[in-house]
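See structure below.
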Amino acid sequence: MNAVARQPADDADLLDAYSRAVIGVVELAGPAVVSLEIGTARRPSGAGSGFVVTPDGYVMTNSHVVSGAKHITISTQAGETATGQLVGDDPATDLAVLRVDPAAVAGRYVPIDAAIAPRVGQLAVAIGNPLGFESTVSTGVVSALGRSLRGKGGRLIDGVIQHTAPLNPGNSGGPLLDGAGRVLGVNTAIIARSQGIGFAIAVETAAWVLGQLLQHGRVRRAYLGIGATRRPLDRRLAYHHGLGAAAVEVQSVESGSPAARAGLRDGDLLVRFADSAIEGIDGLHRVLRSWPAETVAPLIVIRRGARITLDITPTWS
């Protein structure tokens with residue numbers, strides 16, 4: 001009996017669903033990922049990645065990648081090179097936006113959509129272009145949401161995505177994508193020696209920063225004009241006023257600032273801003289990020305053991 005000859009399998013049949021998903025993401029988003037060569041006054045060159053987010057040539061990357069850049073050369077997967085111009089950067093979120101001639105990127109881009117909601121366990125594809133030849137790709141899963149990282153200047157970056165896709169050297173600033181090729185976040189290597197895990201600034205934060213930088217050239221945040229620190233509260237004081245375990249203690253007030261106009265003094269304890277309890281500097285930063293400047297807010301303060309309410313009007317920093 002003659003054996004039935006097996007028909008040669010198509011390439012598509014040899015690929016499992018996981019491989020097909022990753023290949024689809026790379027083919028869709030890979031051409032939008034670019035290599036950044038950075039020249040600064042302190043070092044001859046550095047390398048990083050970025051990705052085109054609009055059809056008119058705006059590129060998103062990490063702030064630490066382009067910090068101090070004197071010149072930026074952008075290289076595409078197709079071999080095109082062009083000079084990049086810094087539109088603005090925000091060290092507090094480790095994000096920056098560049099502009100490149102749209103002809104150099106041939107209209108290839110992956111949009112930033114703040115409505116995309118990552119889910120723990122979903123496929124995560126990290127793409128970078130550190131050498132300017134071809135995208136480097138690593139895969140994993142979203143392992144945690146809502147992480148916080150300390151950015152440059154001490155501000156806390158909230159809503160950070162933790163994932164298991166290894167980040168290769170030079171991949172910082174590239175996109176983290178889902179199985180449909182949609183941007184989940186911007187990869188960052190801001191934490192050194194984080195073995196086995198990667199971090200990405202969430203797409204919601206990236207969309208907000210992108211809008212701020214395109215509109216204003218910088219990120220505007222509401223500002224009070226105080227120097228302050230976190231102070232644990234005496235348990236009896238906290239119990240008497242129904243407070244948490246800590247507050248923000250004012251250590252200095254800038255002359256002419258919103259805090260000065262509101263009557264804040266050194267030693268005041270800030271415990272509530274509008275409807276939000278305040279137990280530390282990070283909490284105050286979170287509230288001010290979403291509070292519209294030039295809008296009056298009630299500020300509850302403990303002054304020499306007494307609870308008082310002041311009206312304060314933050315301005316743009």
Looking at the range 85-120 only, could you name the residues that are acidic (Asp, Glu) and either assigned to a strand (DSSP E or B) or crowded, with 18+ Cβ neighbours inside 10 Å (or both)? Asp89, Asp90, Asp94
Ala82: of a type in the set (Gly, Ala, Ser) and open to solvent by 60 Å² or more (accessible area, probe 1.4 Å), yes or no? no
Six or more apart or on different chains, Cβ atoms under 6 Å: show the pairs whose first residue is in the range 165-186 and of a type in the set (Asp, Glu) and whose second is surrounded by 24 or more Cβ atoms within 10 Å (Cβ to Cβ). Asp178/Leu184
Residue among Val26, Val33, Val65, Val52 that alone is surrounded by fewer than 23 Cβ atoms within 10 Å (Cβ to Cβ), in contact with a strand residue (DSSP E or B) (Cβ under 6 Å, 6 or more places away or on another chain) and of a type in the set (A, V, I, L, M): Val26
Determine if the range 106-114 includes at least one residue that is among the charged types (D, E, K, R) and more than 19 Å from Arg182 (Cα to Cα). no
Answer yes or no: is there a residue in the range 224-247 that is at positive phi and either in contact (Cβ under 8 Å) with a residue 12 or more places away in the chain or of a type in the set (Ser, Thr, Tyr) (or both). yes
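Table: residues versus (1) more than 27 Å from Arg236 (Cβ to Cβ); (2) surrounded by fewer than 13 Cβ atoms within 10 Å (Cβ to Cβ); (3) of a type in the set (Gly, Ala, Ser); (4) within 26 Å of the chain's Cα centre (by Cα).
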site: Glu279; (1), (2), (3), (4): no, no, no, yes
site: Arg286; (1), (2), (3), (4): yes, no, no, yes
site: Ser290; (1), (2), (3), (4): yes, yes, yes, yes
site: Leu299; (1), (2), (3), (4): no, no, no, no
site: Arg304; (1), (2), (3), (4): no, yes, no, no
site: Ile308; (1), (2), (3), (4): no, yes, no, no
site: Thr313; (1), (2), (3), (4): yes, no, no, no
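The values are calculated or read from the model by the stated rules, or taken from the named source; none is laboratory data. Since this is a predicted model, take the numbers as computed values, not measurements. Cβ coordinates were reconstructed from backbone atoms using ideal geometry, including for glycine residues, and neighbour counts include every protein chain displayed. Heavy atoms of the whole protein, side chains included, go into the accessibility calculation; ligands, DNA and RNA do not. Shrake-Rupley method; radii C 1.70, N 1.55, O 1.52, S 1.80 Å.
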